[in-house]
1. Here is a check on your reading of the model: is Glu209 charged (D, E, K, R) and touching a Leu at 6+ places or on another chain (Cβ under 8 Å)?
2. Mind listing whichever residues of the range 43-60 are open to solvent by less than 70 Å² (accessible area, probe 1.4 Å) and either among the hydrophobic types (A, V, I, L, M, F, W, C) or within 21 Å of the chain's Cα centre (by Cα) (or both)?
3. (1) over 18 Å from Asp99 (Cα atoms); (2) free of Cβ contacts under 8 Å to residues at least 40 places away in the same chain; (3) open to solvent by less than 30 Å² (accessible area, probe 1.4 Å); (4) not aliphatic (A, V, I, L, M): which one isn't true of His29, the others all being true?
4. Somewhere in the range 201-211, is a residue in contact with a Lys or Arg (Cβ under 7 Å, 6 or more places away or on another chain), surrounded by 15 or more Cβ atoms within 10 Å (Cβ to Cβ) and either touching a residue at least 12 places away in the same chain (Cβ under 8 Å) or not β-branched (Val, Ile, Thr) (or both)?
5. May I ask you to verify whether Ser91 is at pLDDT below 80 and open to solvent by less than 60 Å² (accessible area, probe 1.4 Å)?
6. Among the hydrophobic types (A, V, I, L, M, F, W, C), in contact with a Phe, Trp or Tyr (Cβ under 9 Å, 6 or more places away or on another chain) and open to solvent by 30 Å² or more (accessible area, probe 1.4 Å): is that true of Val152 in this structure?
Amino acid sequence: MHNTLILIVEDDHEIAAILTAYLQNAGYHTHHAENGALALEYCASSPPHLIILDVRMPVMDGWQVLAEVRRRGNTPVIMLTANDDDVDKLSALRIGADDYVVKPFNPAEVVARVQAVLRRSRAASFSEEILSTPSLSINLAQHSVIVKASSVDIAPRLTTTEFRLITQFVREPNRVFSREELLEACFPEGDTLPRTVDSHISKLRKKLEDAEAAGLLQNVRGFGYRLGERK
C-alpha cells in the first residue's frame, strides 16, 4: 500500500487537507490538485493509482476531467458531489466513474471506498484469466475484449463498469442475470438504481453492435439480461 498514490482533486483546501490526513494515515501517498487542469498535468507527470475528483471546480469541472481521464486510460475515479441527486449519480457512472461520495461525508468512509475500488481494480489487473465464448474473448490481464467476428478489441471504448458487465456475462454465457445481481457484482457500492443497469447495458450493446456483435446482449423480459450465444 505504501507505494499507492492517490490524487485528490478538490478546490476546497480544508476538505483536501482532511482527506490527505486520513489517506496518509491509512498508508497512502497523496497529491493535491486544486483544479482540473492541474489534475491532468499531475496525471501526465506522476500517474496516480486512483483519483478522488470533485464535481464542481474552477477552470475545468469534474465531468470534463473525468472524460479526459477516461480518454487516456482506466485509472479508477471516485467522484465527490454536493448533490445527493440521481442525475449526478447516473452522470458519474455513465461517464465512467468507479464510485461516488456525497458531501458532507465521513472521511473514514472515503478511505473505505478507496480501498474497495483499488481491490477491484487490482483484481482485474493482475488476473491472468482468459474468458471465451463463441463470439468474444476477454483477456483480463491485458484488459482486452476481442469480438471474434471482426477481430476488434472494444476494451478501449468501454467504461470500467461496461468492462465489468461484459466480463460478468462472458463468465456465465446464457445465464440470465437480474438487475439486482448485476448491481451487486458490477457497480460501485451504494448505488441501487435499477435503471442505472439499463443505461449501461444500452451503451454496451451499441458498442458491441458497432464491432459486428449485434444481438449478443439480450433482454429477458421480467427477469433481466443475458449473453445470448448461439450453440
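1. no
2. Cys43, Ser46, Pro48, Leu50, Ile51, Ile52, Leu53, Asp54, Val55, Met57, Met60
3. Only one criterion is unmet by His29, namely (3).
4. Looking for residues that are in contact with a Lys or Arg (Cβ under 7 Å, 6 or more places away or on another chain), surrounded by 15 or more Cβ atoms within 10 Å (Cβ to Cβ) and either touching a residue at least 12 places away in the same chain (Cβ under 8 Å) or not β-branched (Val, Ile, Thr) (or both), one finds at least one in the range 201-211, hence yes.
5. yes
6. In short, no.
The values are calculated or read from the model by the stated rules, or taken from the named source; none is laboratory data. Quantities reported herein were computed from a predicted structural model and do not represent experimental measurements. FYI the Cβ positions are ideal-geometry reconstructions off the backbone, even for glycines, and counts take in every protein chain you see. For the accessible areas, the whole protein counts, side chains as well, though only heavy atoms, and no ligand, DNA or RNA atoms are used. Shrake-Rupley method; radii C 1.70, N 1.55, O 1.52, S 1.80 Å.
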